Amino acid sequence: MDHAANISEATCEIFSSMVMLDVSPKEARQRTNPAFVKSISGIVGLAGRVKGNLSIHLPADVATAVTTAFLGMDVAEINEDVCDAIGELANMLAGAVKTALDPAGSDIKLSMPSTVYGDEYSLDCAHCGISVLVPFELDGQEFSVELLLAET
Amino acid sequence: MGKTVLIVDDSNTMRKIVSRALRQAGIDFSEILEASDGQEALDVLAKNKVDIVLSDINMPNMTGLEFLKAKAENAAIKDIPVVMISTETGADIIDQAKALGAKGAVKKPFTPDLINETLGPLL
């Protein structure tokens, strides 16, 4: 299954139809940076036939710009609205990935979305051997969507 | 006369986005009520005359499917139409929702046109 193509298609559709912003996918790669700096990540876990997580990682200033467009209100710094908006983006992305992996919808369960943010943090997924990270460009800046899956 | 809609979603962001989509869809709503889970939705329905409910499925406390079951068991509110609006739109889940009385489903992400097409025939 082409996870990168699924992520690219879902992300572009969600941003164009819900956030009203156009984003451009770049070539998929494995994550190279050990830590995220002044960023926020929205994360949704996948459990059942497939185990892992789907996350979206955005620098803080990109996250506030995305939330401003998403909610139609000015947001200057990471707050409850930004966390909720980024969590909901992760939720929709995870739903799209789940649909691709499990069309009937009963073999994979999604967790509630969670968010992590800070000046410097790292994220890992125990036993996840499959890693696909797709960078996206938005107004000259970059964010990424990442799928980590345990090998079955 | 405008209709009253209840939006049920644990995400404040998504409740705002659905409200915006409803206004853009051109449906004449006089009032948009909100609830953050199924139990809160039941409380809102007990106190207000609501014409249609748009409900998420994956919520804490009481899920959308649990809400449908509880609503079906309450004669006073069982006939109010519910449309599921969720990332969870696999055939199995939608079949469960329809068996519990849901009248339709809208997949996130959605457009105002899709909202209009789904809700229009129910109002």
Inset, instruction - Taking every pair of alpha-carbon atoms in the protein assembly as shown, give the share separated by more than 23 Å as a whole percent. - result: 52
Legend entry - Total accessible area lost when A and B pair, probe 1.4 Å, Å² to nearest 100: 1900
Inset, instruction - Could you name every residue in region A:9-26 that has 50 Å² or more less accessible surface in the full protein assembly than in its own chain alone (probe 1.4 Å, ligands and nucleic acids excluded)? - result: A:18
Inset, instruction - Between beta-carbons, use under 15 Å as the cut-off and find the net charge around residue A:122, counting Lys and Arg +1, Asp and Glu -1. - result: -2
Legend entry - Using distinct alpha-carbon pairs, which all enter the 1/r mean, Kirkwood radius of chain B in Å: 14.0
Inset, instruction - Report the residue, chosen from B:77, B:57, B:85, that carries the largest GNM mean-square fluctuation when chain B is represented by alpha-carbon nodes joined by springs under 10 Å. - result: B:77
Inset, instruction - Return one whole number: the accessible area per residue of chain B in Å², for a 1.4 Å probe. - result: 44
Inset, instruction - Would you kindly derive the ³J(HN,Hα) couplings of region B:99-114 from the backbone phi angles with the Karplus curve 6.51 cos²θ - 1.76 cosθ + 1.60 (θ = phi - 60°), listing them in order in whole Hz, with x for Gly and Pro? - result: 5, 8, x, 5, 8, x, 8, 10, 8, 7, x, 9, 10, x, 5, 5
Inset, instruction - Express the accessible area of region A:1-134 per residue in Å², computed with a 1.4 Å probe while the remaining protein chains stay in the model. - result: 45
Inset, instruction - With the cut-off at 22 Å, report for chain A the share of all Cα pairs above it, as a whole percent. - result: 34
Inset, instruction - Can you figure out the FRET efficiency of residue A:13 with residue A:122, using R₀ = 25 Å and their beta-carbon distance, to the nearest 0.05? - result: 0.30
Legend entry - For residue A:20, solvent-accessible area (1.4 Å; no DNA, RNA or ligand), Å²: 110
Inset, instruction - State the percentage of accessible surface on chain B attributable to carbon and sulfur atoms; use a 1.4 Å probe and exclude ligands, DNA and RNA. - result: 48
Inset, instruction - Over chain A, with every protein chain in place, what whole percent of the accessible area is carbon and sulfur at 1.4 Å, could you tell me? - result: 50
Inset, instruction - Under 14 Å from the Cβ of residue A:36, count the other residues' Cβ atoms, weight Lys and Arg +1, Asp and Glu -1, and hand me the total. - result: -4
Legend entry - GNM flexibility winner over chain B from B:95, B:56, B:37 (Cα, springs under 10 Å): B:95
Legend entry - Those residues of region B:80-114 for which accessible area with every protein chain present is at least 10 Å² below the isolated value (1.4 Å probe): B:87, B:88, B:90, B:91, B:92, B:93, B:107, B:108, B:109, B:110, B:111
Legend entry - Long-range Cα-Cα pairs in region A:26-84 (distance over 16 Å), rounded percent: 55
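The values are calculated or read from the model by the stated rules, or taken from the named source; none is laboratory data. Owing to the predicted nature of the structure, the values given are computational and were not obtained by experimental measurement. Every residue, glycine among them, receives a Cβ derived from its backbone with ideal geometry; neighbour counts consider all protein chains shown. Just so you know, the surface numbers come from the protein's heavy atoms only, side chains and all, with ligands and any DNA or RNA stripped out. Shrake-Rupley method; radii C 1.70, N 1.55, O 1.52, S 1.80 Å.
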